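Below: the structure, in structure tokens.
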Amino acid sequence: MSIACDVRLNTRLSEEDRAKYQNGEVIQNLLATAKTIAIVGLSTEKTKASNMVGSYLQDEGYKVIPVHPKAEEILGVKCYPSLSAIPEKVDIVDVFRPASEIPGIVEEAIKIGAKAVWTQLRIINLEAASAAKEAGLEVVVDRCIKMEHGRYGGMLHWAGMNTEVISAQRRRNLGA
């Protein structure tokens, strides 16, 4: 593999932490089995990354639940002020909040019985990740769920991300 397409360049985690928190089998399994994804910090602004990710996940068939303390609705879906306020089961808690807020979000994710906590690119709190893992949750750190979905679905990202997957097959819907 040439250095130009080495996805390890996109993370600040050590080799050991990558093995723990960026495991390809775990990521693929989460994307294939999850139905409901709560996005903590989903922005009301359409140009923000969290909004684009939420919209993409909806288009791919996932039920997206926005968690935003001040918004009533985002992406046509009712917002909740916290994970605890969500009245249904959540598979993945995807986080677009600063690393300092991750411990509280992990506590809430554990309380609601989420299957996994996923922190987006450059959002790293290894102590909180370890606590989530110890509680039995799957954990993904410093990865974009949209990019990983595209990578493991066998399609190139619309912005040209190198997915390291080359295929003549049609893309798969991992969420179906």
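I need the shape label for the range 1-158. Rule: rounded when a/c is under 1.5, else prolate if a/b > b/c, else oblate, with a, b, c from the alpha carbon gyration tensor. Oblate is the answer for the range 1-158, as a/c is 1.5 or above yet b/c matches or exceeds a/b.
May I ask you to compute the full-extension gain from THR47 to VAL77, defined as 0.36 nm times their residue separation minus their alpha-carbon distance, rounded to one decimal in nm?
9.0 nm
Residue by residue, the range 77-87 carries 3J(HN,Hα) couplings of 10, 4, 8, 10, x, 7, 4, 4, 7, 6, x Hz when phi is fed to the Karplus relation 6.51 cos²θ - 1.76 cosθ + 1.60 (θ = phi - 60°); x denotes Gly or Pro.
Identify the trypsin sites (Lys or Arg not before Pro) of the range 18-80 meeting these criteria: DSSP loop state and at most 11 other C-beta atoms within 10 Å of the C-beta.
Details: sites: ARG18, LYS20, LYS35, LYS46, LYS48, LYS63, LYS70, LYS78; in loops: LYS35, LYS46, LYS48, LYS70.
Answer in residue order: LYS46, LYS70.
Note on SER130 and ASN23: the model spin-label points, each 7 Å out from Cα along the C-beta direction, lie 1.8 nm apart.
Within the straight-line cut-off of under 17 Å between alpha carbons, the lysines reachable from LYS146 are LYS35, LYS46, LYS48, LYS63, sequence neighbours fewer than 8 places apart in one chain being disregarded.
Computed from the coordinates by the stated procedures, all read-outs in this text should not be read as laboratory data. In this text the structure is predicted, and so the values were computed from the model without any measurement. Don't worry about glycine lacking a Cβ; one is built from the backbone with ideal geometry, like all the others, and counts go over all protein chains shown.
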